[in-house]
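What follows is a single structure, written as structure tokens, with notes after it.
The values are calculated or read from the model by the stated rules, or taken from the named source; none is laboratory data. These figures come from a predicted structure and were not determined experimentally. No Cβ is skipped: glycine too gets one built from the backbone with ideal geometry, and neighbour counts run over all protein chains shown.
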Amino acid sequence: MIEIKTLENFTDLEKPRRIMKYVLVYCTSGSMDMMIDEKEFKLTTGQLITITSGQVHSINKSSKAKGLILEFTLDFFCKNDNDIELIFHNGLFCHFAMNEVIAVNKNIIENELSNISEELVKQPYQYLISIHSRIELILVEINRAKVKRGDEIWKPDALFLKFLEAVRNNFEHNYALSQFAKMLGTTEIKLNELAKFHAGKTAQNVIYGLVASEAKRLLTYGDLSVKEVAYQLGFNDPFYFSNFFKKQTKISPRLYKEKFAV
């Protein structure tokens with residue numbers, strides 16, 4: 001549900017891993033190189049990065065690197081629509097691979113992470129409520145840091161974010177837009193309005209983009225063949241999947257796997 005770990009005592013991140021939790025990596029001292037999906041990042045003292053549930057990531061840490069890793073599930077943090085909007089505010093934990101290194105107020109972030117760690121160890125009365133509030137404070141501080149450096153404010157809509165989560169949680173079914181609308185108790189028209197406002201594209205193209213990103217992860221990490229990736233993403237015809245992937249990425253899945261598989 002929620003965990004906090006020190007980088008120096010956590011070796012699982014040295015190899016690519018994927019967990020269905022939201023991850024925040026904070027560098028307390030030194031520097032570290034990270035891979036998130038296909039992109040490389042470098043964190044130094046007082047910087048952090050957020051990783052969306054399902055993204056593949058790893059850390060190549062220097063001998064002097066120290067840091068903290070906070071992991072929590074969406075169910076733990078998102079109790080209502082306000083929580084959902086906060087976790088994705090300004091692109092934090094966004095499904096569109098908007099990962100970025102953010103310099104934050106070192107004292108505030110380290111104090112709240114330390115308090116969360118203490119709450120988890122001692123588990124005093126209503127400690128989970130306290131931890132939830134402290135994560136809120138961390139997210140607010142990150143958003144303030146982004147605004148301070150001049151970033152444009154991106155305020156998401158809870159329904160749109162639920163739509164993204166629904167797509168991510170149902171890749172194997174290859175659902176049509178109409179099925180997602182029914183699942184969410186809304187209409188295709190409403191989902192298209194939100195998709196055009198938040199992503200500048202139709203809801204169907206949002207689905208295509210998320211499926212293509214998932215296909216890249218499956219082709220890059222692990223031992224699945226192109227045919228197996230196609231079936232895992234709900235495509236009954238591997239040839240149709242290959243055409244879909246090439247249309248979305250401008251490269252065939254076979255060549256992509258040969259180029260990027262690890």
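Counting only residues that are part of a helix (DSSP H, G or I) and either hydrophobic (A, V, I, L, M, F, W, C) or touching a helix residue (DSSP H, G or I) at 6+ places or on another chain (Cβ under 9 Å) (or both), how many does the stretch 171-185 have?
Final tally of qualifying residues: 10.
Kindly establish whether residue 214 is in the same structural domain as residue 36 (by TED's automatic domain parsing), of a type outside the set (A, V, I, L, M, F, W, C), part of a helix (DSSP H, G or I) and over 17 Å from residue 85 (Cα atoms).
Spelling it out, it is not the case that residue 214 is in the same structural domain as residue 36 (by TED's automatic domain parsing), of a type outside the set (A, V, I, L, M, F, W, C), part of a helix (DSSP H, G or I) and over 17 Å from residue 85 (Cα atoms).
Tell me, yes or no, whether the stretch 61-76 has at least one residue that is out of contact with any helix residue (DSSP H, G or I) (no Cβ under 6 Å at 6 or more places or on another chain), of a type in the set (A, V, I, L, M, F, W, C) and exposed (fewer than 14 other Cβ atoms within 10 Å of the Cβ).
No; the residues of the stretch 61-76 include none that is out of contact with any helix residue (DSSP H, G or I) (no Cβ under 6 Å at 6 or more places or on another chain), of a type in the set (A, V, I, L, M, F, W, C) and exposed (fewer than 14 other Cβ atoms within 10 Å of the Cβ).
Residue pairs, Cβ under 6 Å, 6 or more apart or interchain, first in the stretch 90-102 and at negative phi and of a type outside the set (S, T, N, Q), second buried (at least 16 other Cβ atoms within 10 Å of the Cβ) and modelled with pLDDT under 90. List them.
Close Cβ pairs (under 6 Å, with a partner that is buried (at least 16 other Cβ atoms within 10 Å of the Cβ) and modelled with pLDDT under 90) amount to 98/91.
Which of the residues belonging to the stretch 80-105 are exposed (fewer than 14 other Cβ atoms within 10 Å of the Cβ) and assigned to a helix (DSSP H, G or I)?
Selection gives 81, 82.
Residues in the stretch 7-27: is at least one hydroxyl-bearing (Ser, Thr, Tyr), crowded, with 16+ Cβ neighbours inside 10 Å and either farther than 23 Å from residue 121 by Cα or modelled with pLDDT of 95 or more (or both)?
yes
Taking the stretch 144-170, which residues are in a helix (DSSP H, G or I), β-branched (Val, Ile, Thr) and over 20 Å from residue 55 (Cα atoms)?
Matches in the stretch 144-170: 147 only.
Hey, any hits in the stretch 65-79 for a residue that's of a type in the set (Asp, Glu), at negative phi, assigned to a strand (DSSP E or B) and at pLDDT below 95?
Checked against the condition, which is being of a type in the set (Asp, Glu), at negative phi, assigned to a strand (DSSP E or B) and at pLDDT below 95, the stretch 65-79 yields no hits at all.
Sort out which residues of the stretch 119-132 are surrounded by 14 or more Cβ atoms within 10 Å (Cβ to Cβ) and without any contact (Cβ under 8 Å) to a residue 60 or more places away in the chain, and write them in order of number.
Once the filter is applied, which keeps residues that are surrounded by 14 or more Cβ atoms within 10 Å (Cβ to Cβ) and without any contact (Cβ under 8 Å) to a residue 60 or more places away in the chain, the stretch 119-132 yields 119, 127, 130, 132.
Can you tell me which of 180, 77, 171, 96 is more than 20 Å from the chain's Cα centre (by Cα) and either within 30 Å of residue 215 (Cα to Cα) or aliphatic (A, V, I, L, M) (or both)?
Only one candidate qualifies: 180.
Could you grab the pairs with beta carbons closer than 9 Å, sequence gap of 6+ or different chains, first residue in the stretch 171-188 and in contact (Cβ under 8 Å) with a residue 24 or more places away in the chain, second one in a loop (DSSP other than H, G, I, E, B) and aromatic (Phe, Trp, Tyr)?
These pairs meet every condition: 174/235.
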